[in-house]
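Worksheet for the structure shown next.
The values are calculated or read from the model by the stated rules, or taken from the named source; none is laboratory data. Everything numeric here is computed off the predicted structure, so don't read it as measured data. As a convention, Cβ positions derive from the backbone with ideal geometry for all residues, glycine included, and neighbour counts pool all protein chains shown.
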Ligand code: C5P
């Protein structure tokens, strides 16, 4: 046996990157369950930083203070729920306001650097499925399979709209569409780890695919890699 076991063999990674509301969270979670892999929702980390900043009166453009805050947070995930210290913040981090805040705090390299090691610590045997914007391009560059999920902004806005209505929440389609367009621009134009499709990522347009078909596509692509 080699003295330095290869982490990419012991704990292979599948990355699923893409824009907001592309369905990557649901797909990544289902793929991780099918494979018995761990799951990292990296967007939740940026959401937590935005929420904690709000609670501590730190502005979303205060890069240095946000970086220090991100380093100090006691973040944990238990049974799919998100905790800050002992407090369950699963619902609080999903609000539209915190979604916007997450994409604002995410532009700062200080915040991204502070979260880098935390994200890598999710890589454990038998493997990890990680979703976000820069999972394949920055955090897990040696991932076995990199998927870049897309869907038209209208379809993504409609999916988000239905999610809100399904939860009995008021939702304005035009506002959701506008917010998604703003977030897409911020995520792809920022200089620190922008949302990009790397040459080694497999593009997957889900405009005309449902969740089940998308999950099957990812599982088949992974199986093919293992066989080759
Ligand atoms: O994926 P989710 O919508 O929860 O992400 C919230 C925000 O966090 C995104 O709009 C993006 O700005 C940021 N993010 C990021 N890098 C990641 C994951 C999320 O910049 N890997």
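Selection within segment 187-213: residues that are away from the ligand (no atom under 16 Å from the Cβ) and free of Cβ contacts under 8 Å to residues at least 40 places away in the same chain. The member of this set that is surrounded by the fewest Cβ atoms within 10 Å (Cβ to Cβ) is 199. Of the numbered criteria (1) buried (at least 20 other Cβ atoms within 10 Å of the Cβ); (2) outside any loop (DSSP other than H, G, I, E, B), the one residue 143 fails is (2). Residue 148 meets each of the listed conditions (1) assigned to a strand (DSSP E or B); (2) within 18 Å of residue 11 (Cα to Cα) apart from (2).
Looking only at segment 69-96, residues that are closer than 17 Å to residue 54 by Cβ, touching a helix residue (DSSP H, G or I) at 6+ places or on another chain (Cβ under 8 Å) and part of a helix (DSSP H, G or I) come to 6 in all. Of all residues in segment 191-228, those satisfying the criterion of being out of contact with any helix residue (DSSP H, G or I) (no Cβ under 9 Å at 6 or more places or on another chain) and in a loop (DSSP other than H, G, I, E, B) are 199, 210, 228.
Go through segment 19-59 residue by residue and tally those that are in a loop (DSSP other than H, G, I, E, B), touching a strand residue (DSSP E or B) at 6+ places or on another chain (Cβ under 9 Å) and either modelled with pLDDT of 95 or more or surrounded by fewer than 19 Cβ atoms within 10 Å (Cβ to Cβ) (or both).
Within segment 19-59, residues that are in a loop (DSSP other than H, G, I, E, B), touching a strand residue (DSSP E or B) at 6+ places or on another chain (Cβ under 9 Å) and either modelled with pLDDT of 95 or more or surrounded by fewer than 19 Cβ atoms within 10 Å (Cβ to Cβ) (or both) number 1.
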